[in-house]
Amino acid sequence: MAALFAQLEPLLAQVQKPVQYVGGEVNSQLRDFDAAEVRWALFFPDAYEVGQPNQGMAILYELLNGCSSAPVSAAGPDVADDWLLAERTFTIWPDLAELMRENGILQFSWESHRPVRDFDVLGVSLSTELGYTNLLETLDLAGIPLRSESRTEADPLVIAGGHAVFNPEPVADFLDAVVLGDGEEAVLRISGLIRDHKRECGMATPGSRERLLGRLAESGLAYVPAFYDVCYLPDGRIESVRPNRPGVPGRVAKHVLLELDQWRYPVRPIVPLAETVHERYSVEIFRGCTRGCRFCQAGMVTRPVRERGIQTIGTMVADGLAATGLAEVGLLSLSSADHTEIAEITGQLADRYTGTNVSLSLPSTRVDAFNIDLANELSRNGRRSGLTFAPEGGTDRMRRVINKMVSEDDLIRTVEAAFSQGWRQVKLYFMCGLPTETDEDVLGIADLAFRVIEAGRRAANSRDVRCTISIGGFVPKPHTSFQWAAQADAETVNRRVRALKDKVRADRRFGRAITVRYAEGEPGMVEGLLSRGDRRVGKVIENVWRGGGHFDGWREHFSYQRWLDAATAAGIDLDWYTIRERTQGEVLPWDHLDVGLDRAWLWQDWVDARDGSEVDDCRWAGCYDCGVCPDLGVATQIGPTKRALLPLAVAGPAGAANGV
């Protein structure tokens, strides 16, 4: 089908932020659609301003549009640029979506404005469960049947990845295949398999679609939900999940990318025309985390730790700044200050860009990994914002339960050092509703904040210090030690947060220096349903979407009552899926998906959590037999490399580089 922009353009004057739909951004790639054999539409199920900065999508976009620069071993010796392409698409904001339906315009790609259904693959990045209704909204707007069983050879394959798909069962009926873990090698191998299949038998012949999905499943490249049957016990629990055809593995393992220095993506990320939530060049300095925070799915499912070396990071930063003109560099990972060369990386990058407007930033920093030298390097070019830490629990007891091995005294010593060196603001992240939590644990957050302000005023010799408390509701996640835990109900979370706010507000000495930000408990209940749900929950998601629900991650669009009504109509008991504690022997909806973690080890860690026992990081305390390395045949890959950045000639105010 021809490009849709001529039909779309007259509508843009009637909607908010029309420039976001135009495409043509710096570093976007419009390739020859007809010449390509395999065409991906990469889809982020949220608005452009949220999805465009997504790091995973940026990596895959650049990789699929220029895979000849990938390691040859990843996709075979015949890798070439011309047979493969990728374009982007995002969930259309409701104002334009309504006009598109009225005018018969289908969901389009951002580069060529072709209908998404013209592509071979719709590659979905599911980073959060509250994006599930956006998946259905976009499938419908694209003219693609919602359910996999209803699709034909004329429809693209709907293949999902991202952290949310480590339990894809609630959306299993809507997906053709699921890729677990790192996507770089997987998308190249999947693309090669699709290309070979098209060459051998085409995509239009009857039965071609099922044969292709069979090849994906049998190869272990992807999990194909339709090839697995779920049986239930009379009490509603799962009895078994088994393959329903020969050659399909009983368990599907995640992909693990090794030797990150060989995969230098993204180097030329797209520079958006419209405002987005992040506007910086981001380089992932390492992947994985073994700190062992028991609530953290991201850390558990991305094991083991794999670092990029300092010279690779320096090259990526130089190339990225030159290609984008951006002025901020984000050094990303789950715990960036744990990189074995973080002092050298930040210090030498700061040296390199001294005298320019290029600044460095880290995500929130662990208290026990922070030091003033690191903070000074990050602010050397004059940008000194507040410091951000994540104690997560309000008391030392609570932090032992979640294995966040940071004491209250550790935090106070850290903020004292920071305030003495000129910082005046600190942000602290906490969770409410954690296992074994009491009202006193949450009120302890206020006591900790009071000590922070008191210590800050003393160290700074000034009353001009501030602390922001940010609180989110805890949601138990699959493949974590807390996957068996009961979730706190919304009423409990809201009551405890209100009590905390009241305690802060009532304090005359410190209350005015503290800001409390929080999330209501109700969205967390929906997230809990979707995080640990099974295939029966898919009907709830569809009911919500048919009732007008999408953009559920946006407060102005979320309706808790709509989710309650949809669950009732589907015969789903919300409490059974959320506030019920699971037993050790219960078959969990994601047990057939293998992230390498030994189930017995996770259960013992759950027992240890309730006893308040802590577990150190295997990077420096030895192996704890979590199972990942032997099960998946991988290993931790860390430095130090004992190398240094080479001198760089800097041209232009944004640090455009002409060499390393």
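The values are calculated or read from the model by the stated rules, or taken from the named source; none is laboratory data. All figures in this text were calculated on a predicted structure; none of them were measured in a lab. Note that we place each Cβ from the backbone using ideal geometry, even for glycine, and neighbour counts take in every protein chain shown. Each accessible area value is taken on the protein alone, full model and side chains, heavy atoms only, with ligands, DNA and RNA left out. Shrake-Rupley method; radii C 1.70, N 1.55, O 1.52, S 1.80 Å.
What distance in nm lies between label points placed 7 Å from Cα along the C-beta direction at GLN14 and ASP575?
4.7 nm
Dipole of the range 233-350 (Lys/Arg Cβ +1, Asp/Glu Cβ -1, origin at the Cα centre): which of ALA318, PHE295, VAL248 lies farthest to the positive side?
Of the listed residues, the answer is VAL248.
Residue farthest toward the positive end of the dipole of the range 385-596, with Cβ of Lys/Arg at +1 and Asp/Glu at -1: which of VAL497, GLY511, GLN561?
The one lying farthest along the dipole's positive direction is GLY511.
Taking the square root of 5 times each eigenvalue of the Cα gyration tensor, what semi-axes in Å does the equivalent ellipsoid of the range 385-596 have, largest first?
Ellipsoid semi-axes (Å, largest first): 37, 19, 14.
Calculate the dipole size of the range 5-253 relative to its Cα centre from +1 charges on Lys and Arg beta carbons and -1 charges on Asp and Glu beta carbons; express the result in debye to the nearest 20.
That gives a dipole near 480 debye.
Along Cα→Cβ, 7 Å out, is where each label goes; now give me the distance between the ones at GLU37 and ARG509 in nm to one decimal.
7.3 nm
Say the dipole of the range 136-223 comes from +1 at the beta carbon of Lys and Arg and -1 at that of Asp and Glu; which of LEU175, GLY220, THR138 then lies farthest toward its positive end?
The residue sitting most towards the positive pole is GLY220.
Roughly speaking, what is the stretch gain from ASN376 to ASP565, that is 0.36 nm per residue apart minus the C-alpha to C-alpha distance, in nm to one decimal?
Value of the extension gain: 62.8 nm.
Take every DSSP beta bridge with both residues inside the chain and express the antiparallel ones as a percent of the total, to the nearest 5.
Here the antiparallel bridges make up roughly 20 percent for the chain.
Around ILE372, what is the net charge, scoring Lys/Arg as +1 and Asp/Glu as -1 over all other residues with Cβ under 12 Å from its Cβ?
In short, -2.
Is there a pair in LYS427/LYS501; LYS427/LYS642; LYS404/LYS427 whose C-alpha atoms are over 25 Å apart, and which pairs would that be?
LYS427/LYS642
Taking the DSSP beta bridges in the range 5-253 as the whole, what percent of them are antiparallel, to the nearest 5?
Looking only at bridges with both residues in the range 5-253, the antiparallel portion is about 30 percent.
If you take the alpha carbon radius of gyration of the range 5-253 and divide it by 2.2 N^0.38 Å, what ratio comes out, to two decimals?
Its radius of gyration relative to the 2.2 N^0.38 Å reference: 1.01.
Non-local amide H neighbours of VAL158 (under 5 Å, H modeled in plane, Pro and chain starts lacking H): which ones?
Amide H to amide H, under 5 Å and 5 or more residues apart or across chains, VAL158 pairs with LEU122, ASP176, ALA177.
About the Cα centre, and with charges only on the beta carbon of Lys, Arg (+1) and Asp, Glu (-1), how big is the dipole of the range 173-250? Nearest 20 debye, please.
My answer is approximately 340 debye.
Give the calculated FRET efficiency between ARG498 and TRP601 to the nearest 0.05, with a Förster radius of 45 Å applied to their Cβ-Cβ distance.
0.75
How much FRET efficiency would the formula 1/(1 + (r/R0)^6) give for THR205 and LEU30, where r is the Cβ-Cβ distance and R0 is 35 Å, rounded to 0.05?
FRET efficiency, THR205 to LEU30: 0.70.
Starting from the Cα of LYS254, draw a straight line to each of the lysines and keep only those under 22 Å, dropping any in the same chain fewer than 8 residues away.
LYS477
Could you calculate the contour length gain from ARG245 to GLU440, that is, 0.36 nm times the residue separation minus the distance between their Cα atoms, to one decimal place in nm?
Result for the pair: 64.9 nm of gain on full extension.
So what's the Cα pair-distance distribution over the range 344-468, bin width 5 Å, in %?
Reading upward from the zero bin: 2, 11, 21, 20, 17, 13, 9, 5, 2, 1, 0.
In whole Å, what are the extents of the chain along the principal axes defined by its C-alpha atoms, from largest to smallest?
Rounded to whole Å, the extents work out to 75, 67, 55 Å.
Just tell me which lysines come within less than 20 Å, Cα to Cα, of LYS198; anything on the same chain fewer than 8 places away is out.
none
Report the paramagnetic label zone for GLU98: residues of the range 528-552 whose backbone N is under 20 Å from a point 7 Å from Cα along the Cα-to-Cβ axis.
Within reach of a label on GLU98, which here means backbone N under 20 Å from a point 7 Å along Cα→Cβ, the range 528-552 contributes 544-552.
Go ahead and estimate [θ] at 222 nm for the chain from helices alone: -39,500 (n - 2.57) per DSSP H run with n ≥ 4, summed, over the residue count, rounded to 500.
Counting only the DSSP helices, I get -10500 deg cm²/dmol.
Binning at 5 angstrom from zero up to the longest distance, how are the C-alpha pair distances of the range 525-612 distributed in percent?
Reading the bins upward from 0: 3, 12, 20, 19, 15, 11, 11, 8, 1, 0.
Local charge sum around LEU12 (other residues, Cβ-Cβ under 15 Å, Lys/Arg +1, Asp/Glu -1)?
Around LEU12, the surrounding residues sum to -3.
Hey, got the Cα dimensions of the range 1-56 along the principal axes, in Å, largest first?
Ordered largest first, the range 1-56 gives principal extents of 37, 30, 21 Å.
Just to verify a number: FRET efficiency for LYS642 and SER420, C-beta to C-beta distance, R0 = 45 Å, to 0.05?
E(calc), rounded to 0.05, equals 0.90.
For a quick check of your reading of the filter: which trypsin sites (Lys or Arg not before Pro) in the range 467-576 sit in a DSSP loop and have no more than 16 other Cβ atoms within 10 Å?
Passing sites in the range 467-576 are ARG508, ARG509, ARG555.
By average Cβ neighbour count within 10 Å, what is the ranking of 457-465, 628-636 from highest down?
628-636, 457-465
Over the range 385-596, with every protein chain in place, what whole percent of the accessible area is carbon and sulfur at 1.4 Å, could you tell me?
Ligands and nucleic acids excluded, carbon and sulfur give 45 percent.
Taking the Cα centre of the chain as origin, work out the dipole magnitude from +1 charges on Lys and Arg Cβ and -1 charges on Asp and Glu Cβ, in debye rounded to 20.
Using only the charged Cβ atoms, the result is roughly 1480 debye.
Where does the charge balance sit around GLY596 when Lys and Arg score +1, Asp and Glu -1, over other residues with C-beta under 13 Å from its C-beta?
Result for the neighbourhood of GLY596: -1.
Ratio to report: Rg/Rh of the range 331-387, with Cα atoms as the point set and Rh obtained by the Kirkwood method; give two decimals.
Looking at the range 331-387, the ratio lands at 0.93.
Once the piece of chain linking ASN461 and GLN584 is laid out straight, how much longer is it, given 0.36 nm per residue of separation minus the C-alpha distance between them?
Answer, rounded to one decimal: 38.9 nm.
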